[in-house]
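*Asks:* Below: one structure in structure tokens.
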Protein chains: 2
Amino acid sequence: MANKRQPKRRSGCPLNASVEMLGDRWSLLIIRDMMLLGSHTFKEFLASYEGIASNILADRLRRLEAYGIIRTEQDPADGRKLIYELAPKGIDLAPVLTEMVLWAGRHEKTENQALIRIMQKDKQKFIAEIRRRWAYETASSKSK
Amino acid sequence: MANKRQPKRRSGCPLNASVEMLGDRWSLLIIRDMMLLGSHTFKEFLASYEGIASNILADRLRRLEAYGIIRTEQDPADGRKLIYELAPKGIDLAPVLTEMVLWAGRHEKTENQALIRIMQKDKQKFIAEIRRRWAYETASSKSK
DNA sequence: CAAGTAGCTTGCAAAATGCAAGTGAAAATG
DNA sequence: CATTTTCACTTGCATTTTGCAAGCTACTTG
């Protein structure tokens, strides 16, 4: 179920591979919620401002897991809850998200100028901090 | 027609803005064709390996123009042809494309390893070269 | 043990996508 | 200079994806 084989790629181009995994209206927003807001549960993703429908969310989470971008664990404290977290492949999307945010910041009127300014100031540091935070979270969730 | 106002954004998040403009299965591939392959015409985009349908292509080109990412000119030498080129906003997508290519290169089996190696070797140089090439192309098309 | 709550699924309508076959204007060909 | 080709699309229709509202089931909480 987690490893349903994809039918096949439209082409071998690496950009096409990225687009096939991430090129829709929701996947990157889910990853943003995990990476920047620290969301971990179905309910938190559902509550995010853009308002994804629950069936679409379930589908996207399944796909992202099948691609190895996120992974799922049972919450040891609450048997109803699943904890979604970024896999290393998902954490490696930090530079992609960063560039997309910076691009929009440069060309569109958007909110969250604070985030944009932090990214502009030192992109590498920002990405390094995301990696550090996730190294910590993964370690701590394993040690529970 | 080129400036049909968007209904409204789902949210003010800069990443959401990017996703609303680029988050589909074709837009970034069209930009890739312009940026990396030097495609300029409808026919060239149609011929690209992934095989976009002509009605979808027409729609994406219209949208990308409406967003200010590409622009259109008549070919002075052939009245049937339109020349599509990247606007500055489109050229500024080079870092986004680069990171997406590098991410796929790191995590998927893809072709075009040569491109990936060039990007890995010196990302900034690669992006600078795209900018330089486009500065030249725009200048030369204007001077015709 | 009744009333939530979390994470889904289901059914159905609406929108987006894809395919094949046009169309009209402008070039190239004979 | 009439005919064929090329180019950038459009049209009609089937298929797929998305979105909305309403369940449903296994837990947990009071």
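The values are calculated or read from the model by the stated rules, or taken from the named source; none is laboratory data. Bear in mind the structure is a predicted one, so any value in this text is a computation, not a measurement. Cβ atoms come from the backbone with ideal geometry, glycine included; neighbour counts cover every protein chain shown. Heads up: the accessible areas ignore ligands, DNA and RNA and are worked out on the full protein's heavy atoms, side chains in. Shrake-Rupley method; radii C 1.70, N 1.55, O 1.52, S 1.80 Å.
*Asks:* Looking at (1) within 15 Å of DNA strand C (Cβ to nearest atom); (2) modelled with pLDDT of 95 or more, find the lone condition where B:ALA17 falls short.
*Replies:* Of everything listed in (1) within 15 Å of DNA strand C (Cβ to nearest atom); (2) modelled with pLDDT of 95 or more, B:ALA17 misses just condition (1).
*Asks:* Right, another one. Residue under question is A:GLU108, and the condition is that it be more than 27 Å from B:LEU28 (Cα to Cα) and not hydroxyl-bearing (Ser, Thr, Tyr); does it hold? Show your work before the answer.
*Replies:* Working: more than 27 Å from B:LEU28 (Cα to Cα): no; not hydroxyl-bearing (Ser, Thr, Tyr): yes.
When the stated conditions are applied, A:GLU108 does not pass them.
*Asks:* Then there's this: So which residues in region A:52-70 are more than 14 Å from chain B (Cβ to nearest Cβ) and closer than 25 Å to A:THR98 by Cβ, if there are any at all?
*Replies:* A:LEU57, A:LEU61, A:GLU65
*Asks:* Another one. Within region B:50-65, take every residue that is aliphatic (A, V, I, L, M) and more than 12 Å from DNA strand C (Cβ to nearest atom) and give me the one that is nearest to A:ARG10 (Cα to Cα).
*Replies:* B:LEU61
*Asks:* Assess whether B:ALA77 counts as being over 13 Å from the mean Cα position of the chain (by Cα) and assigned to a helix (DSSP H, G or I).
*Replies:* no
*Asks:* Give me a count of the residues in region B:34-49 that are more than 12 Å from DNA strand D (Cβ to nearest atom) and either part of a loop (DSSP other than H, G, I, E, B) or over 19 Å from A:GLY12 (Cα atoms) (or both). Please lay out each step first, then the result.
*Replies:* The initial filter retains those residues of region B:34-49 that are more than 12 Å from DNA strand D (Cβ to nearest atom), namely B:34-38, B:48-49.
With either part of a loop (DSSP other than H, G, I, E, B) or over 19 Å from A:GLY12 (Cα atoms) (or both) added as a condition, the list becomes B:37-38, B:48-49.
Qualifying residue count for the region: 4.
*Asks:* Of everything in region A:12-51, what is open to solvent by 50 Å² or more (accessible area, probe 1.4 Å), within 7 Å of another protein chain (Cβ to nearest Cβ) and within 22 Å of A:ALA114 (Cα to Cα)? Give them in sequence order.
*Replies:* A:TYR49
*Asks:* Ok, one more. May I ask you to verify whether A:ALA66 is farther than 23 Å from A:ARG133 by Cβ, aliphatic (A, V, I, L, M) and touching a Ser or Thr at 6+ places or on another chain (Cβ under 8 Å)?
*Replies:* no
*Asks:* Here is a list: B:LYS89, B:LYS123, B:LYS109. Which entry is away from DNA strand D (no atom under 11 Å from the Cβ), within 16 Å of the chain's Cα centre (by Cα) and within 11 Å of chain A (Cβ to nearest Cβ)?
*Replies:* One residue alone meets the criteria, B:LYS89.
*Asks:* Here's a follow-up. Which one is surrounded by the most Cβ atoms within 10 Å (Cβ to Cβ) among residues in region B:52-100 that are among the small types (Gly, Ala, Ser) and more than 29 Å from B:LYS123 (Cα to Cα)? Give the steps one after another, and end with the answer.
*Replies:* From region B:52-100, those among the small types (Gly, Ala, Ser) are B:53-54, B:58, B:66, B:68, B:77, B:79, B:87, B:90, B:94; that's our starting set.
With more than 29 Å from B:LYS123 (Cα to Cα) added as a condition, the list becomes B:53-54, B:58, B:66, B:77, B:79.
Working: B:ALA53: 10, B:SER54: 11, B:ALA58: 14, B:ALA66: 16, B:ALA77: 8, B:GLY79: 8.
Taking the candidates together, the pick is B:ALA66.
*Asks:* With respect to A:SER54, is the statement that it is over 25 Å from B:GLU50 (Cβ atoms), modelled with pLDDT of 95 or more, within 16 Å of DNA strand D (Cβ to nearest atom) and small (Gly, Ala, Ser) true?
*Replies:* In short, yes.
*Asks:* So A:ILE83 ticks every box in (1) more than 11 Å from DNA strand D (Cβ to nearest atom); (2) within 14 Å of another protein chain (Cβ to nearest Cβ) but one. Which box is left unticked?
*Replies:* Unmet for A:ILE83, out of (1) more than 11 Å from DNA strand D (Cβ to nearest atom); (2) within 14 Å of another protein chain (Cβ to nearest Cβ): (2).
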